[in-house]
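Reviewing the structure listed below.
Readers should treat all values here as calculations from the given coordinates under stated rules, not as data from a laboratory. Since the structure is predicted, the reported quantities are computational estimates derived from the model, not experimental observations. No Cβ is skipped: glycine too gets one built from the backbone with ideal geometry, and neighbour counts run over all protein chains shown.
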Amino acid sequence: MPEAETSITISRIGSNGGKLSSSSSIESNGASTSSRRRNMPMMYQMYESQYEDLRGTVYGPESPDFFPAQASENLKKALSGIETNDQAIINILVHHNNFQRQKILSAYEDMYEKSLISDIEEETGGYFLEMALALFKPAHVLDTLQLYKSVSNRYGDHSVAVEIACTRSARQLKVIREQYQQDFKKTLEKDINVKVEGIFGRMLSLLLCKSREEDGKRLDEELVNRHANLMLSQTVDDLSRNVVIFEQIFAVKSWRHIAAVLNRADELRGDRRDIETILRKNKTMHSETRLMLLTIVHVARNNQLYFAEKLRNAMSGERPDHSTIIRVIVTRSEIDMADIVEEYKSRYQRSLDFDIQQSCSGDYLRLVQSTINPNGAINI
């Protein structure tokens with residue numbers, strides 16, 4: 001008989017405070033959830049969000065209904081036949097959360113003295129393999145690796161680093177910085193200073209390395225007005241070069257505060273163009289700085305709509321950007337993917353699932369669909 005696991009639950013991750021929705025499949029008993037989480041490694045406990053109002057699509061079975069040995073046996077069967085049973089792999093991936101997948105990896109190696117990752121690499125390929133490997137990688141390790149690749153990009157595409165800086169909580173960024181130093185034997189701040197030049201690099205370092213206030217704090221209306229007027233005292237070109245003001249408003253204050261400042265500044269402009277339009281139409285600002293400021297505006301106002309737009313853009317080009325599709329769906333699956341799906345439909349008047357079908361195919365398509373489908377992923 002496989003040994004029942006008794007300590008595995010990963011809570012939802014969001015960007016705003018609040019309570020779990022009444023439709024949640026996650027146990028609402030705080031004491032019970034807390035007791036199970038105590039046995040999780042500290043890195044995982046720290047990487048959990050403190051916000052509970054948003055909805056992911058992957059939760060995994062509640063303990064004691066999780067049996068990593070049984071999941072490992074099913075994976076072995078799926079990988080050992082004449083033809084690989086990709087659907088069985090999909091079912092196990094989307095019916096277990098990230099922490100439970102780490103238990104499955106360990107159980108598989110103990111049982112068969114082989115690496116599950118190596119066996120999957122031998123039997124599958126393409127984007128299906130890429131997404132499966134991302135789902136099996138510990139969440140904080142995946143974010144750290146994505147950040148390292150983006151910071152080290154010799155061609156200057158630092159958009160993923162900006163995305164991580166703006167969409168991970170202060171606690172998550174702290175874990176990423178620690179993991180970064182452990183994996184790459186250097187601090188993130190020093191690496192950015194070496195690899196990312198100019199004012200943009202200094203601003204990126206502030207976003208990633210400064211400690212940010214959490215959103216639960218009550219808004220200081222006087223400070224909101226002061227920051228809004230400070231923004232209006234600068235042209236957007238001046239703002240894009242002023243590291244001191246950038247730090248004051250965008251690097252250390254909560255996202256709720258930033259949203260209030262942006263909205264107040266737009267109100268004070270009256271009939272003139274809003275900040276997003278001004279940034280989009282600016283032709284003189286450094287392109288990466290403009291992207292950073294636009295990301296800040298979008299994330300502060302609606303984090304889930306930001307990701308919906310990222311997915312839409314990834315599927316709207318001449319060729320689908322599968323790295324973005326995989327990154328967004330994997331990293332948000334336990335966080336707010338159900339809300340992203342809803343924002344996508346509201347924004348584009350079409351379902352994300354329909355557009356995914358136009359961009360993906362085969363077992364890769366089925367894996368993506370299973371990950372974004374709340375009913376398929378929640379009803380274990």
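List of remarks:
- Chain lengthening between Ser351 and Arg312 when straightened (0.36 nm per residue, less Cα-Cα): 13.0 nm
- Per-residue Cβ neighbour counts within 10 Å put Tyr348, Tyr148 in the sequence Tyr348, Tyr148, beginning with the fewest.
- When you count the other C-beta atoms within 10 angstrom of each residue and take the mean per peptide, 249-256, 351-358 line up highest first as 249-256, 351-358.
- Amide hydrogen neighbours beyond the local backbone of Phe66, cut-off 5 Å, H modeled: Glu5
- Pairs from Lys174/Lys310; Lys195/Lys253; Lys185/Lys210; Lys137/Lys283 whose Cα-Cα separation, in the structure shown, is over 29 Å: Lys137/Lys283
- Protection proxy ranking of 60-68, 149-157 - average other beta-carbon atoms within 10 Å, highest first: 60-68, 149-157
- Asp237/Tyr112 FRET efficiency (R0 45 Å; Cβ-Cβ; nearest 0.05): 0.15
- With a simple spin-label model that places each label point 7 Å from the Cα along the Cα-to-Cβ direction, the separation between Asp183 and Arg301 comes to 3.2 nm.
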